[in-house]
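The values are calculated or read from the model by the stated rules, or taken from the named source; none is laboratory data. Everything numeric in this text was worked out from a predicted model, so none of it was measured. Quick reminder, even Gly has a Cβ in these numbers, built from the backbone with ideal geometry, and neighbours come from all protein chains shown. To get the accessible areas, we keep the full protein, side chains included, count just its heavy atoms, and leave off ligands, DNA and RNA. Shrake-Rupley method; radii C 1.70, N 1.55, O 1.52, S 1.80 Å.
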Amino acid sequence: MRALVIGSISLLVAGCAGPLSTLDPVGPQARSVFYFASAMTLVASAVLIFVLILFARAFGRRRRKDAPDPGTGAERTWIVWLGIAFPMSVLSVLLAATLWVGEGQFVRQDAPTWRATASQWQWTFAQVNAAGETGPSTDRLVIPAGQPVIIEITATDVIHSFWVPRLAGKMDAVPGKLNRHLIQADAPGTYLGVCAEYCGIGHDRMRFEVVATADPRPQAIRAPR
């Protein structure tokens with residue numbers, strides 16, 4: 001039994017890592033989402049345990065036939081405090097945390113910009129200069145480590161979804177529209193990204209790499225003459 005428990009825990013811990021693990025963030029956007037999701041899980045678990053305890057007490061207590069009726073006062077207390085005040089307090093805290101985390105995902109206007117274009121079934125990336133002109137396209141997204149980067153995401157055919165689990169959350173790629181997404185890698189390295197929206201029979205092959213380099217200077221793009 002001890003070996004079984006240790007083996008199960010080891011397998012669970014091993015599942016926390018990997019190139020597509022949201023439990024191993026390496027950027028501020030992904031990290032804030034991870035902390036928020038962890039806090040929600042803990043709060044939900046605590047509420048579940050509390051409710052189960054109340055159910056156990058309610059079903060475990062047998063009311064005697066000669067016991068007096070508790071009356072509307074006790075019922076009103078349960079309804080007001082546990083039926084209204086308790087859930088409203090929990091939901092208010094979660095709402096405030098959601099707004100705080102969401103504010104950190106907003107795009108900054110002064111960050112380097114790259115264009116990510118999705119099509120069945122590949123991604124292409126190009127750097128965007130101050131005039132809004134794009135440079136040569138590549139199949140890998142190369143960004144400077146330690147700096148926020150704006151990704152302008154679009155598609156040429158159907159709806160796709162840009163997702164680098166260790167760097168940030170998801171953002172849809174919609175044909176004819178540019179969705180702006182903020183990502184950042186804390187350290188140089190190669191991070192795996194995927195399309196998170198089913199887009200056809202080649203969806204499972206629609207992966208890409210984000211390469212974070214130590215050079216903080218983005219490659220300049222010259223406007224065509």
key: Selection from region 21-52 of residues that are aliphatic (A, V, I, L, M), open to solvent by 60 Å² or more (accessible area, probe 1.4 Å) and under 21 Å from Ala196 (Cα atoms)   = Leu23, Val33
message = For region 136-189, give me the residue count where each residue is β-branched (Val, Ile, Thr), over 17 Å from Gln120 (Cβ atoms) and either open to solvent by 40 Å² or more (accessible area, probe 1.4 Å) or not in a strand (DSSP E or B) (or both).
response = 3
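To keep it simple, each residue is scored yes or no on (1) modelled with pLDDT of 90 or more; (2) over 25 Å from Ser32 (Cβ atoms); (3) among the aromatic types (Phe, Trp, Tyr).
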| residue | (1), (2), (3) |
| --- | --- |
| Gln105 | no, no, no |
| Ala111 | no, no, no |
| Ala116 | yes, no, no |
| Ser119 | yes, yes, no |
| Phe125 | yes, no, yes |
| Gly132 | no, yes, no |
| Gly135 | no, yes, no |
| Thr138 | no, yes, no |
| Gly146 | no, no, no |
note = When region 153-187 is checked residue by residue, the ones that are among the hydrophobic types (A, V, I, L, M, F, W, C) and out of contact with any His (no Cβ under 9 Å at 6 or more places or on another chain) are Ala155, Val158, Ile159, Trp163, Val164, Leu167, Leu178, Leu182, Ile183, Ala185, Ala187
ask   = Among (1) in a loop (DSSP other than H, G, I, E, B); (2) touching a Ser or Thr at 6+ places or on another chain (Cβ under 9 Å); (3) more than 22 Å from Val101 (Cα to Cα), which single condition is Gly200 missing?
value = (2)
key: Whichever residue in region 190-202 is closer than 15 Å to Ser21 by Cα and free of Cβ contacts under 8 Å to residues at least 40 places away in the same chain and, among such residues, is most open to solvent (accessible area, probe 1.4 Å)   = Thr190
message = Any residue in region 151-177 that is at negative phi sitting within a Cβ distance under 8 Å of a residue that is hydroxyl-bearing (Ser, Thr, Tyr) and open to solvent by 40 Å² or more (accessible area, probe 1.4 Å)? List the pairs, counting only those 6 or more apart or interchain.
response = Pro165/Thr22; Arg166/Thr22; Pro175/Thr156
